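The values are calculated or read from the model by the stated rules, or taken from the named source; none is laboratory data. Predicted, not measured: the structure shown is a model, and the values here were computed from it. In this analysis, Cβ positions are derived from the backbone assuming ideal geometry, glycine residues included, and neighbour counts consider all displayed protein chains.
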Amino acid sequence: MRRTMLFVPGNSPNLLMNFDILGADSVILDLEDAVSPAEKDSARILVRSMLQTMGDTGCEVIVRINPVDTDFWKEDLREVVKCCPSMIMPTKVGGPETVKQVADYIGQLEKEYGIPEGTVGIIPLIETALGVENAFAIAGADKRVRAMLLGGEDLTADLRCKRTKEGNEIFYARSRMVCAARACGIDVYDTPFTDVNDMEGLRKDAELAKSLGFSGKSSISPGHVAAINEIFSPTQEEIDYAHEVMDTIEEAKRQGKGVVALRGKMIDAPIVNRAKQVIEMEEAMFGGVRQ
Amino acid sequence: MEIKKTATAGTLESSDAYVVAEPFDTLEVDLTSVVYEQFKDEIISQVKAVTDALGVSKAKITINDRGAVDCVIRARVETALKRAGGEM
């Protein structure tokens with residue numbers, strides 16, 4: 001379960017050494033935009049050194065690498081794949097070929113380092129119009145793809161429109177990405193809300209993302225983590241109902257009944273699936289995400 | 001690895017270390033630290049571990065430590081040495 005994905009700059013020891021106590025289910029250690037070109041080497045060595053030392057913190061680690069049209073991405077992977085992060089985040093992914101390119105190199109490195117094949121997953125960052133249109137092909141490009149993330153800031157620049165707090169300009173992109181991800185059976189995460197002081201705006205934005213089907217939301221501020229976690233967590237009422245559904249189903253099986261109702265409503269497959277998801281989230285909420 | 005030029009890594013921010021590596025006839029470590037009295041030996045041993053791993057036997061390494069943990073010290077020394085050795 002990932003409700004929050006918190007971006008942490010890859011060249012800031014002060015933030016890196018505390019990433020596991022900030023409350024996020026996942027952290028995205030950033031080697032891209034948060035690091036100046038002159039410090040790329042320094043950041044990837046620092047991230048590798050931190051990960052080798054910290055071991056399993058219970059907080060999932062994702063590493064955002066530099067775009068494949070730069071000289072940096074292969075060196076990024078060479079340093080961090082040996083630490084077995086849960087996923088690598090390639091940026092500005094416009095089509096399935098970029099995913100394949102990154103997946104192939106991760107595969108080479110896993111072999112070189114003696115890591116079981118498929119250990120390191122991929123979460124493509126979709127932040128261009130081309131990427132949004134190719135979302136389904138990207139989601140299904142490789143078995144390493146476990147989730148996708150929408151990047152609203154770069155996307156709106158590419159769309160040549162203004163990024164607003166209401167987010168009407170990215171409504172289509174959000175819907176298309178959710179549909180593409182769900183069609184491929186993977187998770188999908190929403191873009192960060194960038195006004196770190198507007199908590200009301202954050203809550204509205206996160207609630208909208210949840211209502212559209214996103215699995216969780218990324219953040220650039222530790223101060224946003226608690227609110228996002230709360231919004232993407234099932235309520236106690238939802239948890240109780242989910243257990244009631246599963247208990248009713250079990251009882252019906254024991255009695256040999258084919259069709260059952262709860263609170264006057266027939267329990268069908270979608271309701272059972274939803275109940276299972278809620279119970280999975282309830283179980284995961286107390287243990288972070290490790291795959 | 002041969003140290004060919006002077007190079008730096010890190011910052012003077014809290015929890016970081018600023019490292020200068022430069023050519024020298026022997027291996028010398030000059031350490032300034034906010035926790036010098038408590039952790040001098042530990043920090044020097046971290047630096048030695050990096051020089052041994054990279055095969056550096058001649059260099060002057062100047063460290064201004066601002067309370068960095070071991071893995072940060074190692075990372076900053078490694079970066080400075082690789083930059084000074086022309087590997088980056």
remark   = The residue from B:D41, B:D25 that alone is away from every other protein chain (no Cβ under 14 Å) and assigned to a helix (DSSP H, G or I) is B:D41
inquiry  = Please determine whether any residue of the range A:218-234 is under 26 Å from A:I21 (Cβ atoms) and in a strand (DSSP E or B).
reply    = yes
query = Residues in the range A:171-202 that are more than 18 Å from the chain's Cα centre (by Cα) and assigned to a helix (DSSP H, G or I): how many?
reply = 5
task = Give the residues of the range B:45-72 that are buried (at least 24 other Cβ atoms within 10 Å of the Cβ) and at the interface with chain A (Cβ under 9 Å from one of its Cβ atoms), sorted by residue number.
result = B:A68, B:V72
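Matching residues to (1) surrounded by 17 or more Cβ atoms within 10 Å (Cβ to Cβ); (2) more than 22 Å from the chain's Cα centre (by Cα); (3) assigned to a helix (DSSP H, G or I); (4) in contact (Cβ under 8 Å) with a residue 60 or more places away in the chain:
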{"position": "A:S49", "(1), (2), (3), (4)": "yes, yes, yes, no"}
{"position": "A:G58", "(1), (2), (3), (4)": "no, no, no, yes"}
{"position": "A:V68", "(1), (2), (3), (4)": "yes, no, no, no"}
{"position": "A:D76", "(1), (2), (3), (4)": "yes, no, yes, no"}
{"position": "A:V99", "(1), (2), (3), (4)": "yes, no, yes, no"}
{"position": "A:A103", "(1), (2), (3), (4)": "yes, no, yes, no"}
Any hit, the range A:3-19, residues being away from every other protein chain (no Cβ under 12 Å) and without any contact (Cβ under 8 Å) to a residue 60 or more places away in the chain = yes
query = Does the range A:242-256 contain at least one residue that is under 24 Å from A:V178 (Cβ atoms) and surrounded by fewer than 17 Cβ atoms within 10 Å (Cβ to Cβ)?
reply = no
inquiry  = With the requirement that a residue be within 14 Å of chain B (Cβ to nearest Cβ) and within 24 Å of B:Q46 (Cβ to Cβ), what does the range A:53-72 give you?
reply    = A:T53, A:M54, A:G55, A:T57
note = The one condition B:V34 fails out of (1) at pLDDT 95 or above; (2) over 17 Å from B:M1 (Cα atoms) is (1)
ask   = Out of curiosity, is A:K111 touching a residue at least 24 places away in the same chain (Cβ under 8 Å) and either outside the structural domain of A:I186 (by TED's automatic domain parsing) or not in a strand (DSSP E or B) (or both)?
value = no
